[in-house]
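Let me begin by presenting the structure, written as structure tokens, before commenting on it.
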Amino acid sequence: MALAVAVLTPGCAVGPTACPAIGYVYSGPAVLEFTPALPASASLAACFGAGCAPSALTIVERTRVEVPQQTPYATPPAGDTSLITVRVTDAGSVLIDQTFTIGHKAEAPVFGSCPGPFSFEPVAVTLAG
């Protein structure tokens with residue numbers, strides 16, 4: 001009976017929250033945001049991880065490019081998606097060849113205070129001018 005009273009009485013602590021053992025995977029792209037915009041004649045290559053071999057990407061928007069989490073940008077079975085290497089060249093000159101940390105944005109929590117799904121934050125890439 002004492003346990004029932006403690007559970008029903010507001011303000012009584014029952015103990016820490018136990019979160020379920022659910023693993024969330026984000027399979028969407030990493031987004032690169034360029035400042036200033038990529039030159040019209042620039043080439044862009046990227047890959048997930050450090051020390052990887054960047055692969056060419058098609059530039060549709062010169063200020064925002066998505067990098068999919070698939071071959072050849074991510075190394076199977078599961079590449080390191082906490083880092084992304086970006087290489088931009090223009091007329092034979094390297095504008096940037098750098099590895100960036102990809103931030104994570106938590107979506108709405110589930111089960112009260114337990115962490116839920118997440119997504120990548122955009123990666124800000126500043127080109128030398």
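Derivation of every value follows stated rules applied to the coordinates shown; laboratory data play no part. None of these values were measured; they are calculated from a predicted model. Reconstructed Cβ throughout: ideal geometry from the backbone, glycine too, with neighbour counts over all protein chains shown.
Modelled label positions at Gln70 and His104, each set 7 Å beyond Cα in the direction of Cβ, lie 2.4 nm from each other. Charge dipole of region 23-123 (Cα centre as origin; +1 on each Lys and Arg Cβ, -1 on each Asp and Glu Cβ, all else neutral): 40 debye, rounded to the nearest 20. Per residue, the average separation of C-alpha pairs within less than 8 Å and at least 6 apart gives region 23-123 a relative contact order of 31 percent. In plain terms, the chain from Ala91 to Ala128 could stretch by 11.9 nm, reckoned as 0.36 nm per residue minus the Cα-Cα distance. When the alpha-carbon atoms of region 23-123 are used, the pair Rg, Dmax equals 14.9, 53 angstrom.
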